[in-house]
1. Is it true that residue B:163 is within 22 Å of residue B:54 (Cα to Cα), part of a loop (DSSP other than H, G, I, E, B) and either among the charged types (D, E, K, R) or at pLDDT 85 or above (or both)?
2. Filter the stretch B:224-242 down to residues that are small (Gly, Ala, Ser) and surrounded by fewer than 20 Cβ atoms within 10 Å (Cβ to Cβ), then give me how many there are.
3. Determine if the stretch B:190-205 includes at least one residue that is more than 10 Å from chain A (Cβ to nearest Cβ), part of a strand (DSSP E or B) and crowded, with 20+ Cβ neighbours inside 10 Å.
4. Tell me, yes or no, whether the stretch A:307-327 has at least one residue that is in contact with a Pro (Cβ under 8 Å, 6 or more places away or on another chain) and not basic (Lys, Arg).
5. Considering only residues that are out of contact with any Asp or Glu (no Cβ under 9 Å at 6 or more places or on another chain) and crowded, with 24+ Cβ neighbours inside 10 Å, look in the stretch B:35-65 and name the one that is farthest from the other protein chains (Cβ to nearest Cβ).
6. Every residue in the stretch B:135-160 that is under 29 Å from residue B:10 (Cβ atoms) and at pLDDT below 80, please.
7. Looking at A:378, A:326, which is the one that is aliphatic (A, V, I, L, M), within 26 Å of residue B:260 (Cβ to Cβ) and at pLDDT 95 or above?
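The values are calculated or read from the model by the stated rules, or taken from the named source; none is laboratory data. Bear in mind that the values here come from a model prediction, so they are computed numbers and not experimental data. No Cβ is skipped: glycine too gets one built from the backbone with ideal geometry, and neighbour counts run over all protein chains shown.
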Amino acid sequence: MKLTPMKTPRLDIDALLDDRTTEIIVCCGSGGVGKTTTSAALALRAAERGRKVVVLTIDPARRLAQSMGIERLDNTPRPVSDVDSSAGGSLDAMMLDMKRTFDEVVESQASAEKARQILENPFYIALSSSFAGTQEYMAMEKLGQLHRQALEDGSHDLIVVDTPPSRSALDFLDAPERLSSFLDGRFIRLLLAPARGPAKLMTAGLSVVTHALTKVLGAQVLRDMQTFVAAFDTLFGGFRQRAEQTFALLQADGTAFVVVAAPEPDALREAAYFVDRLTDDEMPLAGLVVNRVSPSALTDLSAEEAIAAADRLRDSDSSSLAAGLLQLHADRVRIIERERHWRERFAASHPQVPTAVAAAMAADIHDLDGLRAIGASLAERP
Amino acid sequence: MTAHPDRTDWPGVRLHVVTGKGGTGKSTVAAALALALASSGRNVLLCEVEGRQGIARMFDVDPLPYDERRITKGAPDEEGRAGQVYALHIDPESALLEYLAMYYKLGRAGKALDRFGVIDFATTIAPGVRDVLLTGKVYEAVQRPRRSDKRADKGRHRDVITYDAVVLDAPPTGRICQFLGVNSELAGLAKVGPIKSQADKVMELLRSPRTAVHLVTILEEMPVQETADGIAELHRAGLPVGGVVVNLVRPRALGASALDQVRDDEVDPTAITSELSRAKVDVDAELVRSLLDEARDHAVRRQLEDEQRTLVEAEDLPTYELPRLAGGIDHGALIELAQLLRTQGMA
């Protein structure tokens with residue numbers, strides 16, 4: 001049974017990009033749906049329509065990064081050359097250096113001596129350089145920095161942010177709350193206890209926990225953690241404040257979230273999760289971008305007819321070229337039908353989410369022309 | 001006890017780690033591999049660690065708890081004998097509580113840890129602990145003594161199941177070395193103590209020939225590049241690289257010479273017209289033109305696929321190909337893919 005095709009509102013990409021009150025666009029979605037490419041394509045289109053844009057990418061494909069001139073991970077926006085600036089716009093791009101961003105926050109918040117203590121702590125080094133979760137926080141931290149800077153010096157009027165490729169990409173939404181509950185919690189007091197007072201003041205519960213932690217982690221790890229927390233103690237307040245500011249910034253009218261998906265069940269299911277999560281948190285959702293939608297069939301010959309005819313031809317000539325053409329057509333029709341089915345399912349449960357579609361390109365995207373083509377495809381009126 | 005260990009490319013491997021860039025279908029391949037390995041009476045455990053309940057959806061069963069559940073039979077061998085596929089959804093909170101109970105008999109302290117927010121801290125904020133717990137649980141399933149162990153498993157009323165192979169649907173290629181190497185990070189962080197010895201043991205399994213890390217890709221530039229990067233990174237990290245599974249390969253409806261003709265616009269439309277009318281298709285010039293245009297799109301893509309295939313072959317690893325199935329993925333499709341993996345020697 002086929003679902004009745006429904007009319008989903010169209011996401012008007014050019015209206016979004018041209019709206020001067022749009023200051024931040026956050027692209028989120030699961031891995032492999034073309035999120036980085038979409039961010040870059042939106043940023044380029046906005047720049048060529050007159051906006052002063054900076055795009056913050058997380059992990060661009062090498063050739064795309066090269067074509068934008070950001071092969072180096074240096075945390076500084078670099079101008080992208082060959083952007084058409086006739087409308088008065090410009091495009092800068094930068095790649096996020098997670099560890100460096102974290103280090104900079106520490107350095108800006110603490111005295112030189114304290115910063116050094118923290119930066120050298122083994123627990124901090126592990127936390128800041130290689131573990132999941134940090135990337136999300138740092139992407140948002142960098143966004144906050146760029147935005148503050150843009151307000152001060154007018155260097156940019158639109159920031160486009162790519163997010164890390166995981167469901168935890170939205171973890172930053174929890175950051176303020178998580179930091180607060182952590183800071184106000186008993187665990188931190190427990191870690192700080194030895195630094196703050198004599199052991200005899202510890203409650204029985206605390207000593208049980210300390211004992212258990214020592215048993216599991218070993219005394220040295222616990223000591224490293226305690227040193228880290230003690231050194232970090234005064235910074236946590238600053239961190240919480242920054243996280244709260246970023247949260248408020250994301251929730252503000254100037255921000256637009258764009259959820260990116262591919263026309264596949266898994267990617268659209270993740271997109272539904274993102275849409276629901278953003279709606280629950282009252283984040284300004286602009287709409288859904290569905291990438292890599294297969295080009296439609298050029299003739300309305302049905303898949304069943306094509307297969308039946310191909311079988312008849314192969315009965316007499318197993319290498320029939322026409323049979324091959326028919327089979328390809330049937331395959332194409334089936335894939336389009338399946339993609340439509342999944343998109344209609346998404347639309348049925350989220351009828352109010354405006355959607356824009358980018359057609360699958362015949363080749364991979366690794367230059368500005370490719371990005372322009374994607375931007376044009378997204379903005380096209382059906 | 002395995003049926004044809006010498007006929008597969010991975011006879012000594014107990015832990016198959018499956019990774020791949022997002023969108024390449026790594027979870028589908030992991031499931032198909034589990035089905036393929038579960039033949040001839042062998043038990044296979046399929047684990048997921050990303051909290052997505054993808055296995056439950058693929059096999060159309062209720063969301064999986066933190067408990068090993070039999071979900072289906074494997075793909076039958078030549079004599080029609082199948083094995084069993086079990087599934088496990090590993091979440092870090094449950095793994096931590098189980099770990100604490102199992103190794104430290106913490107009892108009251110375990111509850112106190114939870115009350116103090118330590119569990120939440122350990123599984124969400126503390127660096128790497130999450131990945132350590134996830135890999136630790138997989139390690140436990142692989143290392144489990146193979147013969148039925150009579151030792152009472154406190155609080156659980158079931159027999160301990162042992163597995164001939166464990167398949168891990170792992171995090172994506174970009175994060176795989178970090179995920180698998182997290183135990184060595186932790187072992188470096190903790191210089192002595194029980195956590196260190198546990199982390200060292202897990203690392204020893206992951207670096208041993210009993211583990212193989214397979215990479216799933218599609219024949220497009222970015223995923224192939226990421227696969228090559230992933231292989232190099234795995235080598236550097238001393239992790240055992242397995243095979244490459246090329247997924248979602250386009251149908252081979254046209255042979256090489258037909259593809260060339262179509263691409264170069266050298267097909268005679270009148271010949272196609274007459275063939276089509278012979279097949280009782282209501283044909284006109286428009287239809288022939290459309291079919292040829294569609295075929296040209298396909299031929300261009302096939303050429304790009306061939307270029308990427310050459311790059312995959314240059315990695316010089318066992319390579320397996322799976323087709324893009326126009327009907328999508330259901331249980332029947334998974335069995336079909338499993339059989340294809342078997343005939344190609346992956347299982």
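1. Working: within 22 Å of residue B:54 (Cα to Cα): yes; part of a loop (DSSP other than H, G, I, E, B): yes; either among the charged types (D, E, K, R) or at pLDDT 85 or above (or both): yes.
Considered against the rule, which asks whether it is within 22 Å of residue B:54 (Cα to Cα), part of a loop (DSSP other than H, G, I, E, B) and either among the charged types (D, E, K, R) or at pLDDT 85 or above (or both), residue B:163 comes out as yes.
2. Narrowing the stretch B:224-242 to residues small (Gly, Ala, Ser): B:228, B:230, B:232, B:237-238, B:242.
Next cut, surrounded by fewer than 20 Cβ atoms within 10 Å (Cβ to Cβ) only: B:228, B:232, B:237-238.
The qualifying residues number 4.
3. The answer is no, given that none of the residues of the stretch B:190-205 is more than 10 Å from chain A (Cβ to nearest Cβ), part of a strand (DSSP E or B) and crowded, with 20+ Cβ neighbours inside 10 Å.
4. Looking only at the stretch A:307-327, we keep the residues that are in contact with a Pro (Cβ under 8 Å, 6 or more places away or on another chain), and these are A:327.
After this cut, where a residue has to be not basic (Lys, Arg) as well, the list is A:327.
Yes: one or more hits.
5. Among residues in the stretch B:35-65 that are out of contact with any Asp or Glu (no Cβ under 9 Å at 6 or more places or on another chain) and crowded, with 24+ Cβ neighbours inside 10 Å, the one farthest from the other protein chains (Cβ to nearest Cβ) is B:36.
6. The first filter runs over the stretch B:135-160 and keeps only residues under 29 Å from residue B:10 (Cβ atoms), leaving B:135-149, B:159-160.
Selection gives B:145, B:146, B:147, B:148, B:149, B:159, B:160.
7. Details: A:378 fails: within 26 Å of residue B:260 (Cβ to Cβ).
It is A:326.
So that you can scan it fast, the table gives a plain yes or no per residue for (1) within 14 Å of chain B (Cβ to nearest Cβ); (2) within 19 Å of residue A:144 (Cα to Cα); (3) free of Cβ contacts under 8 Å to residues at least 60 places away in the same chain:
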| site | (1), (2), (3) |
| --- | --- |
| A:14 | no, no, no |
| A:20 | no, yes, no |
| A:52 | no, yes, no |
| A:58 | yes, yes, no |
| A:61 | yes, no, no |
| A:74 | no, yes, yes |
| A:79 | no, no, yes |
